[in-house]
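Take a look at the structure set out below.
The values are calculated or read from the model by the stated rules, or taken from the named source; none is laboratory data. Bear in mind that the values here come from a model prediction, so they are computed numbers and not experimental data. Don't worry about glycine lacking a Cβ; one is built from the backbone with ideal geometry, like all the others, and counts go over all protein chains shown. For accessibility, only protein heavy atoms count, side chains too; no ligands or nucleic acids. Shrake-Rupley method; radii C 1.70, N 1.55, O 1.52, S 1.80 Å.
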Amino acid sequence: MGRRTGSARLKKSEIDYRKPPYALESVDNALRALHMLRDSGAVRIVDVADRLGVARSTAHRTMAMLVYQGFAVQDDRQRYLAGPALSAPIIASRRNQSLVRTAMPILESLQAEVDEIVNLSIRIGVHARVLATLGDEATGSLGDRRGHVYPAHSSSAGRALLAMEPEKLLERLYRSRNAELTGAALDDVDYAELLAHLSSTRLHGFSVCDQEVQCSIASVAVGVFPGGDATPCSIVLLTSSSRLDALVRDRRKIALLLEARESLRRALEDECADEPF
């Protein structure tokens, strides 16, 4: 009797744990390093090199890529810790796919006008996740950010969305017992700093991040809050830290960013209204 194809569930005996005959060593090293981050709490380059059986320079390159992709972060003692991408929840939502389709024409128009890298992001709990990246430089030094996950409290995309949330929710996300258990809790100083950032965001209509997520990278973001069941999101202009002040002072570009926010809000509300009940 043939194997059933109607179910994706596999028996243990059907899972092949053997190493592929043509395994990519660099990929294997990165995945093994991820296991270390998940299980060890904190690792150093020497630990990674010893575990993988590679030179320290190779271990450094491996960890640098994990940091870049958000799977690792470095603390003040130069140790590597699990990054936000390692604990971010899986999303497989048609609504997010629809959000990207609806936003794309507006983002393309904005990108052409401002000539900056443009990201579309959403917030899931304490994480901000990039759904789309546009711009010719997206494959260059600033990089294609699609799929990247950042702490919402320190990214412009996350702050733009957190700014419109009630303080009760902020306290649950960052000051509750559950926040302590999940490692998301902020101490008094960091929480006060977050509230100050959110107050500034509400005052100016946009949020700013300067090297708080990645060295030499800065961004400006606006939150999009459509009515109904549409998903709130943020539009982000990504730039180098050295160009941030000029971008913030550029009234034309900021005005275009705000206009794009309103255009996307209306488009999402119209789409939501057209969906059958």
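Please give, to one decimal in nm, the separation of the simple spin-label points placed at Asp50 and Met65, each 7 Å out from Cα toward the Cβ.
Result for the modelled spin labels: 2.4 nm.
Binned at 10 Å from 0, what are the whole-percent values of the Cα-Cα distance distribution for the stretch 152-277, short to long?
Result, from short to long distances: 13, 37, 32, 16, 2 percent.
Just to verify a number: FRET efficiency for Glu271 and Gln74, C-beta to C-beta distance, R0 = 45 Å, to 0.05? Can you show the working numbers first?
Working: r = 41 Å, r/R0 = 0.92.
With R0 = 45 Å, the Cβ-Cβ based efficiency is 0.65.
Order 180-193, 217-230 from most to least packed using the mean count of other Cβ atoms within 10 Å. Before the final figure, lay out each step's value.
On the way: 180-193: 12.9, 217-230: 21.5.
Sorting 180-193, 217-230 by mean packing, highest first, produces 217-230, 180-193.
Of the peptides 97-104, 114-121, how do they stack up when ordered by the mean number of other Cβ atoms within 10 Å, highest first?
114-121, 97-104
What ranking of Cys272, Cys209 comes out by heavy-atom accessible area, probe 1.4 Å, highest first?
Details: Cys272 30, Cys209 5 Å².
Largest to smallest exposure gives the sequence Cys272, Cys209.
With a/c under 1.5 counting as rounded, go ahead and sort the stretch 164-215 into rounded, prolate or oblate using the C-alpha gyration tensor (a ≥ b ≥ c being the square roots of the eigenvalues; past the cut-off, prolate if a/b is larger than b/c, else oblate). Don't skip to the answer; put the middle values down first.
Numbers: a/c = 2.40, a/b = 1.40, b/c = 1.71.
Verdict is oblate for the stretch 164-215.
Given the whole protein assembly as supplied and a 1.4 Å probe, what does the accessible area of His197 come to in Å², nearest 10?
Looks like 50 Å² after rounding.
Can you compute the charge dipole magnitude of the stretch 147-220 about its Cα centre, using +1 on each Lys and Arg Cβ and -1 on each Asp and Glu Cβ, nothing else charged? Give it in debye, rounded to the nearest 20. Don't skip to the end; give the middle numbers.
On the way: 6 positive and 10 negative charges, 57 e Å.
Dipole magnitude for the stretch 147-220 comes out near 280 debye.
Taking 7 Å along the Cα-to-C-beta vector as the label spot, tell me the Leu169-Asp115 distance in nanometres, rounded to one decimal.
My value for the distance between the label points is 3.8 nm.
With a 1.4 Å probe and all protein chains left in place, how much accessible area per residue does the stretch 123-244 have, in Å²? Show your work: numbers first, answer last.
Values: 5540 Å² over 122 residues.
That works out to 45 Å² for each residue.
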